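Student: Dropping the structure in here first, questions after.
We did not get these values from a lab; they are worked out from the coordinates using the rules stated. Note that the structure is a prediction, hence the values are computed from the model and not measured. In this analysis, Cβ positions are derived from the backbone assuming ideal geometry, glycine residues included, and neighbour counts consider all displayed protein chains.
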Amino acid sequence: MAIVSSASAGLRAASRATIVQLRAPGLSTNALEKEAGVLVGSASVPVLVSSRCDVALATRAAGVNLPEGDMSVADARALLGRSLVGRSVHSIEAAQLAENEGADYVIFGPVWVTASHPGVKPAGLDALAELVRSVRIPVLAIGGVTEARVDEILAVGAAGYAAIRLFE
């Protein structure tokens, strides 16, 4: 999953990613809807909108990814029906709650040190493996993901990875 802040970045990333998440918290609702609309209308892969069910619905995006402190997965599911609903998590308990509320997947991290979350202690590969074993839904690793680490991520049972810089 490529995490991008604009439609143009998403369209570039779509050639290498299986899904694109538009995460642009600094944009107004109107600007976010325009960016998402362009991306949904032009991308060759499914598009998720971060944290904004309204924008996902308005643009016919494939769904949303919700930060851990955001609205409940159950409430998002009620709004979006069969659309994809994912949750970014930092613990096994949060992943299990997301699964119980109906999340389609979770993103766990940061697994390694990452510039996008300076000062946050990475969870590590062992924690990723433990979280993968604790839920039945797909788990994506995030945080410090590089091409050299993809095999490690998959070896512990994760379904894949989400990244920002890897797709820039």
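Student: Can you tell me how many residues within segment 92-106 are under 16 Å from ILE142 (Cβ atoms) and without any contact (Cβ under 8 Å) to a residue 40 or more places away in the chain?
Tutor: So the count comes out to 4.
Student: Among the numbered conditions (1) surrounded by 15 or more Cβ atoms within 10 Å (Cβ to Cβ); (2) without any contact (Cβ under 8 Å) to a residue 40 or more places away in the chain, tell me where ARG12 comes up short.
Tutor: Unmet condition: (2).
Student: Give ARG77, ARG136, ARG60 a once-over and let me know the one that is among the charged types (D, E, K, R) and at positive phi.
Tutor: Working: ARG77 fails: at positive phi; ARG136 fails: at positive phi.
None of the others qualify; the one that does is ARG60.
Student: All but one of (1) touching a Cys at 6+ places or on another chain (Cβ under 6 Å); (2) without any contact (Cβ under 8 Å) to a residue 12 or more places away in the chain hold for VAL64; which doesn't?
Tutor: Just one mismatch for VAL64, condition (2).
Student: For segment 113-134, does any single residue satisfy the condition of being free of Cβ contacts under 8 Å to residues at least 60 places away in the same chain, under 17 Å from LEU22 (Cβ atoms) and not hydrophobic (A, V, I, L, M, F, W, C)?
Tutor: So far as segment 113-134 goes, yes, one or more of its residues are free of Cβ contacts under 8 Å to residues at least 60 places away in the same chain, under 17 Å from LEU22 (Cβ atoms) and not hydrophobic (A, V, I, L, M, F, W, C).
Student: Take the residues in segment 15-27 that are closer than 22 Å to ARG87 by Cα and out of contact with any strand residue (DSSP E or B) (no Cβ under 7 Å at 6 or more places or on another chain), then tell me which one is surrounded by the fewest Cβ atoms within 10 Å (Cβ to Cβ).
Tutor: My answer is GLY26.
Student: Ok, one more. Considering GLY10, GLY109, which residue is farther than 28 Å from ALA127 by Cα and in contact with a Ser or Thr (Cβ under 9 Å, 6 or more places away or on another chain)?
Tutor: Sole residue among the options that is farther than 28 Å from ALA127 by Cα and in contact with a Ser or Thr (Cβ under 9 Å, 6 or more places away or on another chain): GLY10.
Student: Suppose we keep only residues that are within 26 Å of ALA123 (Cα to Cα) and polar (S, T, N, Q) within segment 40-75. Which one would you say is surrounded by the most Cβ atoms within 10 Å (Cβ to Cβ)?
Tutor: Step one: filter segment 40-75 for residues within 26 Å of ALA123 (Cα to Cα), giving 48-51, 64-73.
Narrowing further to those that are polar (S, T, N, Q): 50-51, 65, 72.
On the way: SER50: 23, SER51: 19, ASN65: 30, SER72: 16.
Within segment 40-75, the match that is surrounded by the most Cβ atoms within 10 Å (Cβ to Cβ) is ASN65.
Student: How do the pairs read when you match residues in segment 22-48 that are closer than 18 Å to ALA162 by Cβ with residues anywhere that are of a type in the set (S, T, N, Q) and assigned to a loop (DSSP other than H, G, I, E, B), using Cβ under 7 Å and keeping only pairs 6 or more apart or on different chains?
Tutor: Listed by first residue and then by second, the contacts come to ARG23/SER5; ALA24/SER5; ALA24/SER6; VAL45/THR18.
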